[in-house]
Structures are given as C-alpha cells and as structure tokens.
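Notes follow the structure.
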Amino acid sequence: MSARSARSAPGRRVGDRAATDLVGYLLRLGDDALIAAQRLAEWSSRAPEMEEDIALTNIALDQLGAARALLTYAGELEGAGRDEDDLAYLRTDREFANCLLVELPNGDFAVTMAKLLFLAAYQHPLYGWLAGSADDRLAGIAAKARKESAYHLEHAALWTVRLGDGTDESHRRMRAAVDEVWPYTHELFATDDLLERLDKAGVAVNPAAVRDGWLDTVEKVLDEATLTRPVDGWTPGGGRRGLHTEHLSYLLAEMQVVHRAHPGATW
Amino acid sequence: MSEQWPLWEVFVRPRRGLAHGHVGSLHAPDPRMALQHARDVYTRRQEGVSIWVVPAAEITASSPDEKDAYFDPAADKVYRHPTFYEVPEGVDHL
C-alpha cells in the first residue's frame, strides 16, 4: 500500500466512526449537488433564450456529475451495497441531507439566479478547500468540481448585476429574489459535531470558516448590482438532519417516479 | 423580452499554434455573457483553448454583388502563385 492511500485508509473501514462521519458528509455534499441539478434542469426548454437554456442545463449537468461521484463514494464507503442510483432514487425526504436553499422552487429567473449565486459562492471556496482534503478521493472530486463552480459563480454574478442594475422592473425582481432567498444562506455555514470532527481530522472544513469569504464575494456582486445586503434575521435550517420544506417531497416525487415504478429498468 | 439580444460571431482556436476560426454565431446581452454562451455552445466537447466573440454588427463584409469586381480579376493572374521556382531537393514544405 502506498503512502498516499494509507492516509485515507482508516476512513475505509466499515463501521469505523471516521467512515460513518465521512459518509454523512458526502451525502450532504452530494445531495446539495443532486437537488440543485434537479431544480436547474427544470429550466430545460423553458429558459428565456436558447443560449441561456444551454447554460442552465450545462450547470445542472456539472452539479449532477459532482453528485454522482460523491454519492457513489458515499455508497462504497457505507458498505451496504447501495450505489448512486439507490441513494438518489430510493431514499425518502427525511433521508436527504441537502440544505434547504437548493430545494426551494425556482421562482422567476431572478430567484433562480439568486439561489445559484449564493450556492456557487459557497461551493467554490468549499471545493477549493476540499481539493486539499486529507481524504484523497474526496480531494479529487472537489478539484474537478471547483473549476466548474467558478463558472457557475461568474454566470450567476453576471446575471445578478445585469438584472439588479437594469430596468426598474428587473431591479425590483432581483431585489425581491435576494431578500427571499437570503435567510436560507445561513444554513450553509451552520456547524455541528460531525463537521467539527471532520474539520479536526483535516477531511473537511468547518463551513463557518468559509462565510467571511462568501460574504466578501456576495457583497461585491450585490454592490455592483445596486442591491443592498438583506439584514440577517430568520435562519431556517434542518436540512442536514433531514428536516426539509414541503418542496423537497414534490421534487423527489418527480425525480424518483420512473425508478420506483420500474425498479432496475435499463435502456 | 421586447427586443432580441444582439448577435455575436464566435471564433475558436482549436489548439495552440493554430489561428482562431469562425465557428458560428449566437445571441447574448453583453460581451462577457457572449463569451460564456460561446463556451457552452461551441466548446462543450473540448473544441478549443481560446474564444473570441465579435459583435456581428461590427463586421464589414464584402457584398455578393461585388463578387465579380472583387474576385474575378485574380483568375487570370497565375504568376501570383509561387509555382515558377525550382524547389531545391530536400525542401518539403515551401
């Protein structure tokens, strides 16, 4: 066994605390990406312009690619014989660990861009940190996803500025979108025991440490978009513990229906 | 949206050392977005390492009506082709 793989070897033992922690963390990351992908894919064939349709679908596919790699790894590490499809299609809403932000409905185009801006401004530095994770496989997945999220961030930032600093109507809508989505961003940086253990082990970063950078990025964009940062108040959460909004159930029903109706079907 | 986004012509350089070639056009509201869209539409399958976008309205093109005046006069000027030289042996690419 090489020195590199030996580093992450302790995490590979099934039943081991570290492995259980990592599975939980991979599900959080993977579910964020999977649910974001499903929501973005709802724009397919419905975006305001054909070029934007391709862009949103492209971003959805990036998220889906990251979700597949993360969930596959979670399934292997868990050791219960579940693959990416089992995890995506056969869990109920209470078993999903995504943040509430990604499951919120798309709303109008401004809401979709506000959600994407906040998510990408979080995923980009997070994946950047994880690219240096003590767990080699997670580091590899993150290194690839980091490049993709840089593009997502730029795309959402361009649109936020264009709409915020656009017409009266686009400004009104963009401001309403930012106000509506803002409370859900707090959950991204909430910490708990699992995150602290993984942080100590050098496997993951405590997301609270990413918030300053996130605020920096987001405030610059909002400023350029002539929008003001909403006041912090209500902080909905619970997604990491499987407590979701009703929107996730409807999303899962649509995402899982074919797989549940035809288990094991292939084409 | 009351009016359509402006049209952009897209040029992609397939790899280092080659020139940018015209690959098509697209609609976008501004230059940065045009670049992003060009990346999505024309380089999805690793077709390029560099992209140019140019507002289609900025391109001055020769007219089909001028085709005869522009291009026919070159037809009988064979001496413009460098084919009247003895190529030394061993020179493969001249």
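The values are calculated or read from the model by the stated rules, or taken from the named source; none is laboratory data. Computed from a prediction, not measured in an experiment: that's the story for all the values here. Cβ sites come from the backbone with ideal geometry, for glycine too, and all protein chains shown count toward neighbours. The protein model used for the area step is the full one, side chains on, heavy atoms only, and it has no ligands, DNA or RNA in it. Shrake-Rupley method; radii C 1.70, N 1.55, O 1.52, S 1.80 Å.
Toward the positive end of the charge dipole of the stretch B:7-62, with +1 on the Cβ of Lys and Arg and -1 on the Cβ of Asp and Glu, the farthest Cα among B:Val41, B:Ala28, B:Pro55 is that of B:Val41. Per-residue SASA remark: A:Leu243, around 70 Å² accessible (1.4 Å probe; ligands, DNA and RNA not included).
Averaging the Cα positions of each part gives two centres, and for the stretch A:24-63 and the stretch A:104-170 these lie 11 Å apart. Compute the accessible area of each residue in the stretch A:19-56 twice, once for its chain alone and once with every protein chain present, using a 1.4 Å probe on heavy atoms, and list those whose area falls by at least 40 Å². Checking the loss per residue gives A:Glu49, A:Glu51, A:Ile54.
Taken per residue, the accessible surface of chain B reaches 79 Å², heavy atoms only and a 1.4 Å probe. Simple spin-label estimate for A:Ala208 and A:Thr92 gives 3.3 nm between the two label positions (7 Å along the Cα-to-Cβ direction from each Cα).
Using C-alpha pairs under 8 Å with a sequence gap of at least 6, the mean separation divided by the residue count of chain B gives a relative contact order of 27 percent. Ellipsoid semi-axes for the protein assembly as shown, based on the Cα gyration tensor and the rule √(5λ), read 46, 28, 20 Å when sorted largest first.
Between B:Ala61 and A:Ala265, the simple label model (points 7 Å from Cα in the Cβ direction) yields a spacing of 4.7 nm. Accessible surface area normalised per residue over the stretch A:161-235 is 54 Å², counting heavy atoms of protein chains with a 1.4 Å rolling probe. Rolling a 1.4 Å probe over the protein heavy atoms of the protein assembly as shown, with every protein chain left in place, gives an accessible area that is 53 percent carbon and sulfur. For the chain pair A and B, the buried solvent-accessible surface (1.4 Å probe, both sides summed) amounts to about 1500 Å². Please give the residues of the stretch A:89-133, grouped as numeric ranges, whose backbone N is less than 19 Å from a label point set 7 Å along the Cα-to-Cβ vector of A:Ala253. Those under the cut-off are A:89-96, A:103-107. Taking a span of 15 Å or more along the helix axis (Cα atoms) and a mean Kyte-Doolittle hydropathy of at least -0.5 as the rule, the DSSP H helices of chain A that qualify are A:17-41, A:50-78, A:109-130, A:136-164, A:246-261. Burial here means at least 40 square angstrom less accessible surface with every protein chain in place than with the chain by itself, probed at 1.4 Å; in the stretch A:147-185 the buried residues are A:Tyr151, A:Glu154, A:Leu158, A:Trp159, A:Arg162. At a threshold of 20 Å², the residues of the stretch B:28-59 that become less accessible to a 1.4 Å probe in the full protein assembly than in their chain on its own are B:Pro29, B:Asp30, B:Arg32, B:Met33, B:Gln36, B:His37, B:Arg39, B:Asp40, B:Val41, B:Arg44. Please work out the Cα center distance from the stretch A:213-267 to the stretch B:1-70, rounded to the nearest Å. For the stretch A:213-267 versus the stretch B:1-70, the Cα centre distance is 35 Å. The heavy atoms of A:Asp93 present about 50 square angstrom of accessible area, all protein chains included, probe 1.4 Å. Looking at the stretch B:7-62, the pairs of alpha carbons with a distance over 16 Å make up 36% of the total.
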